[in-house]
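The values are calculated or read from the model by the stated rules, or taken from the named source; none is laboratory data. Because the structure is predicted, anything quoted here is derived from the model rather than measured. Cβ sites come from the backbone with ideal geometry, for glycine too, and all protein chains shown count toward neighbours. These accessible areas exclude ligands, DNA and RNA; they are computed on the full protein's heavy atoms, side chains included. Shrake-Rupley method; radii C 1.70, N 1.55, O 1.52, S 1.80 Å.
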Amino acid sequence: MDKLSLEEAGFTNVVSVPNGAPDKVNNGPLPEHSTDKAFEYVWNCWEELQQASCILLGTDNDLPGHALAEELARRLGRERCLRINWTIDTDHNPSHSMENSDRCVMHKDANDVLVQEGPEALKWCVRNPQPLPLEGPYRVHKKIRRGIRQPARESATKA
């Protein structure tokens, strides 16, 4: 339903996850592509995904949705992933979301925003994603002004 809700709001370059969300984040190393069956859909589209400089993750606003966003970011590269926040101001003024938390409503997903708040609120959520927290050392680069974060090279971090 979320993919259809986003299409209803005018976003057509949207994909849906076929297997649902994991219960929790796997903190171990990533499995080899050939054995990563739960995320086989990512590896099947790897060449196309590599062409994207920025990927918006619009997962559900629950624990499995957060785990899915984290697992996708681990595979896609967190430096190019942004997370869509499904929170809307109760005065139906999404441009002020999160400024006054007692007036904000946290929605579960895109369909919930569309049904409860309408297509304009859903558009605002998609157009105002939040960066994922980065781990490790990162070098500030001119591309950061364009929304792309670049990890520091290992040799530069050993100094």
Q. Are there any pairs with C-beta distances below 7 angstrom linking a residue in region 14-38 that is closer than 18 Å to Glu70 by Cβ to a residue that is assigned to a loop (DSSP other than H, G, I, E, B) and open to solvent by 90 Å² or more (accessible area, probe 1.4 Å), with the two at least 6 apart or on different chains, and if so which?
A. Ala38/Asn19
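One residue is enough: does region 72-81 have a residue meeting the conditions in contact (Cβ under 8 Å) with a residue 12 or more places away in the chain, in contact with a Lys or Arg (Cβ under 6 Å, 6 or more places away or on another chain) and either open to solvent by less than 40 Å² (accessible area, probe 1.4 Å) or more than 25 Å from Thr12 (Cα to Cα) (or both)?
Our first condition is that a residue be in contact (Cβ under 8 Å) with a residue 12 or more places away in the chain; within region 72-81, this holds for 72-76, 78-81.
Okay, now just the ones that are also in contact with a Lys or Arg (Cβ under 6 Å, 6 or more places away or on another chain), so 79.
If we keep only those that are either open to solvent by less than 40 Å² (accessible area, probe 1.4 Å) or more than 25 Å from Thr12 (Cα to Cα) (or both) too, we end up with none.
Looking for residues that are in contact (Cβ under 8 Å) with a residue 12 or more places away in the chain, in contact with a Lys or Arg (Cβ under 6 Å, 6 or more places away or on another chain) and either open to solvent by less than 40 Å² (accessible area, probe 1.4 Å) or more than 25 Å from Thr12 (Cα to Cα) (or both), one finds none in region 72-81, hence no.
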Q: State which residue is nearest to Asn111 (Cα to Cα) when the search covers only region 3-20 and only residues that are small (Gly, Ala, Ser) and surrounded by 12 or more Cβ atoms within 10 Å (Cβ to Cβ).
A: Ser5
(Q) For region 39-71, give me the residue count where each residue is crowded, with 17+ Cβ neighbours inside 10 Å and of a type in the set (Gly, Ala, Ser). (A) 4
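Determine, yes or no, whether Ser95 is more than 16 Å from the chain's Cα centre (by Cα), part of a helix (DSSP H, G or I) and modelled with pLDDT of 90 or more. Outline the logic, then answer.
Working: more than 16 Å from the chain's Cα centre (by Cα): yes; part of a helix (DSSP H, G or I): yes; modelled with pLDDT of 90 or more: no.
Against the criterion (more than 16 Å from the chain's Cα centre (by Cα), part of a helix (DSSP H, G or I) and modelled with pLDDT of 90 or more), Ser95 does not qualify.
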Q: Kindly indicate whether any position in region 21-28 is at pLDDT below 95, in contact with a Pro (Cβ under 8 Å, 6 or more places away or on another chain) and surrounded by 13 or more Cβ atoms within 10 Å (Cβ to Cβ).
A: yes
